[in-house]
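Trainee: The structure under discussion is supplied below as structure tokens; questions concerning it will follow.
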Amino acid sequence: MLRRGLAPAALLLLAAACAPVAPPPPGPPAVTGRMELVPLGFGQLAGWAGESVAAVLPAMRKSCDRITKLPVDRSIGFDGIGGTAADWYAPCAAAARVPAGDHQAARLMFETWFSPWQVLADGKPDGLFTGYFEPEIKGSRHRQGRFTVPIHGRPVDLVTADLGRFRPDLAGEQLVGRLDGSRLLPYATRAEIEAGAIDAKAPVMAWTDDVTDFAIMQIQGSGRVRLEDGSQIRLGVAGSNGHKFVGIGKLLKESGKLGTDGSMPAIRAWLKANPGEGRAMLARNPRYIFYAVNAGDGPLGTEGVALTPERSLAVDPRYIPLGAPVWVETTDPRGQALNRLMMAQDTGAAIKGPVRGDVFWGAGEAAFDQAGRMKSAGRLTLLLPKARSPRMAGR
């Protein structure tokens, strides 16, 4: 959404466009919007002493590899809440030296180099945690037989700009549309795209046979297409049409189509059992995701690194810096305590607010069941380097 304060000229631009001893912790960061950070001790993190801390290191090293390639004075997170890239060099080097599977060494590393800060939203510690997964759908490289549903790549006339480059408070938000002369117009909706509006403007990455499974993949983001010969194409998000996401579960509940079970497995079952009505319901969500082939070893998060099952978390980057370790205290879909160290490595259209997280559960039906049923209250603690440079907003 375009907010006030962007001048016409800006719109034109948008369219074109290892210390031996760890230092003591600084004072707490100031309030950012509705977020406040409160200092904690590691002993105050529920389950910290028994957590398999070293399990997060493969995910952390991916983020460290990205951060340590940034310019030394590059701010980390909105308004430089995570200091600068240089502040992460020593902690990342320490993480790289921890032996695989050595949880005690990993715990000591975090306690030496990081400080925990509990995240509050409007003065309250509790927030919402959901889950997502990497779907696998059936498909073909060519339109044939039952494979008639196109999986579109990015259209040639799609204009996208990251508003965070011009206004730090708009981090994670984009201006999306198409140019009509000097005017930027809204892009085609899902219903218009499914009716063929962009057939001549967007490549087709693959063809699938199931509208419901494809719609679920679009909700999740990245996914895999399993071809008839057993091979697969891994697809990553290449953009969206910019329209606001409308949850199908909410629409089904409002129309009385679902009972008390509003989980994704229940939603999928209803849509498959009612294909005609289901397709019309899906069209009421105007948001559409475009894809590109992903040759990596896993689905890519917004940070640009491959996601790690049960260790990667989608967050709101206006509050939580991408690439930062985060301690999550919540419950899994079975009601069991889920107290775990994760990495903020992704974002999501519905992930808004300081204490809001989306757990990446991996791929396959088991991951779908976990992700689709997770909707739990919980708390979030942000781990930041003990040494942080002064904030460098706008850098």
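The values are calculated or read from the model by the stated rules, or taken from the named source; none is laboratory data. Only a predicted model underlies this, so the values are computations on that prediction, with no experimental measurement involved. Don't worry about glycine lacking a Cβ; one is built from the backbone with ideal geometry, like all the others, and counts go over all protein chains shown.
Trainee: So, of the residues in region 342-395 that are in contact with a Ser or Thr (Cβ under 6 Å, 6 or more places away or on another chain) and of a type in the set (Ser, Thr, Tyr), which turns out to be modelled with the highest pLDDT?
Mentor: 376
Trainee: Now for a different question. Out of (1) in a loop (DSSP other than H, G, I, E, B); (2) in contact with a Ser or Thr (Cβ under 9 Å, 6 or more places away or on another chain), the odd one out for residue 46 is which?
Mentor: Here residue 46 clears every test but (2).
Trainee: With (1) in contact with a strand residue (DSSP E or B) (Cβ under 9 Å, 6 or more places away or on another chain); (2) on the phi > 0 side of the Ramachandran plot as the list, and residue 225 as the residue in question, which single condition is left unmet?
Mentor: Unmet for residue 225, out of (1) in contact with a strand residue (DSSP E or B) (Cβ under 9 Å, 6 or more places away or on another chain); (2) on the phi > 0 side of the Ramachandran plot: (2).
Trainee: Oh, and also: Can you tell which of 331, 308, 347 is β-branched (Val, Ile, Thr) and touching an Asp or Glu at 6+ places or on another chain (Cβ under 9 Å)?
Mentor: On the way: 331 fails: touching an Asp or Glu at 6+ places or on another chain (Cβ under 9 Å); 308 fails: touching an Asp or Glu at 6+ places or on another chain (Cβ under 9 Å).
None of the others qualify; the one that does is 347.
Trainee: Next question. Just to be sure I understand the filter: pairs with C-beta atoms under 6 Å, separated by 6 or more residues or on different chains, first member in region 274-294 and within 18 Å of residue 174 (Cβ to Cβ), second member in a strand (DSSP E or B) and not small (Gly, Ala, Ser). Which pairs pass?
Mentor: The qualifying pairs are 289/237; 290/152; 291/151; 291/205; 291/235.
Trainee: Restricting to region 327-364, name every residue that is within 14 Å of the chain's Cα centre (by Cα) and in a strand (DSSP E or B).
Mentor: Result: 342, 343, 344, 345, 346, 356, 357, 358, 359, 360, 361, 362.
Trainee: Which residue is modelled with the lowest pLDDT, if the candidates are limited to region 71-85 and must be assigned to a helix (DSSP H, G or I) and under 19 Å from residue 343 (Cα atoms)?
Mentor: Among those that are assigned to a helix (DSSP H, G or I) and under 19 Å from residue 343 (Cα atoms), it is 78.
Trainee: Further, regarding this structure: Please give the strands (runs of 3 or more DSSP E) falling wholly within region 175-292 in which 2 or more residues are at pLDDT below 95.
Mentor: In region 175-292, the matching strands (runs of 3 or more DSSP E) lie at 183-185, 223-227, 232-240.
Trainee: Sort out which residues of region 278-304 are under 11 Å from the mean Cα position of the chain (by Cα) and among the aliphatic types (A, V, I, L, M), and write them in order of number.
Mentor: Answer for region 278-304, where residues must be under 11 Å from the mean Cα position of the chain (by Cα) and among the aliphatic types (A, V, I, L, M): just 300.
Trainee: For region 195-210, which residues satisfy the criterion of being buried (at least 18 other Cβ atoms within 10 Å of the Cβ) and either closer than 23 Å to residue 270 by Cα or not small (Gly, Ala, Ser) (or both)?
Mentor: Filtering region 195-210 down to residues buried (at least 18 other Cβ atoms within 10 Å of the Cβ) leaves 198, 202, 205-208, 210.
198, 205, 207, 208, 210 - these are the residues of region 195-210 that are buried (at least 18 other Cβ atoms within 10 Å of the Cβ) and either closer than 23 Å to residue 270 by Cα or not small (Gly, Ala, Ser) (or both).
Trainee: With respect to residue 98, determine if the residue is surrounded by fewer than 14 Cβ atoms within 10 Å (Cβ to Cβ), aliphatic (A, V, I, L, M), assigned to a loop (DSSP other than H, G, I, E, B) and modelled with pLDDT of 95 or more.
Mentor: Values: surrounded by fewer than 14 Cβ atoms within 10 Å (Cβ to Cβ): no; aliphatic (A, V, I, L, M): yes; assigned to a loop (DSSP other than H, G, I, E, B): yes; modelled with pLDDT of 95 or more: yes.
Answer is no for this residue.
Trainee: Can you report the number of residues in region 101-145 which are exposed (fewer than 14 other Cβ atoms within 10 Å of the Cβ) and outside any strand (DSSP E or B)?
Mentor: Number of matching residues: 9.
Trainee: Six or more apart or on different chains, Cβ atoms under 6 Å: show the pairs whose first residue is in region 348-376 and of a type in the set (Lys, Arg) and whose second is part of a loop (DSSP other than H, G, I, E, B).
Mentor: Pairs found: 352/316; 356/316; 373/263; 373/333.
Trainee: So which of 302, 331, 308 ends up being under 18 Å from residue 218 (Cα atoms) and at pLDDT 90 or above? So that I can check it myself, show each step before the final result.
Mentor: Details: 331 fails: under 18 Å from residue 218 (Cα atoms); 308 fails: under 18 Å from residue 218 (Cα atoms).
When all the criteria are applied, what remains is 302.
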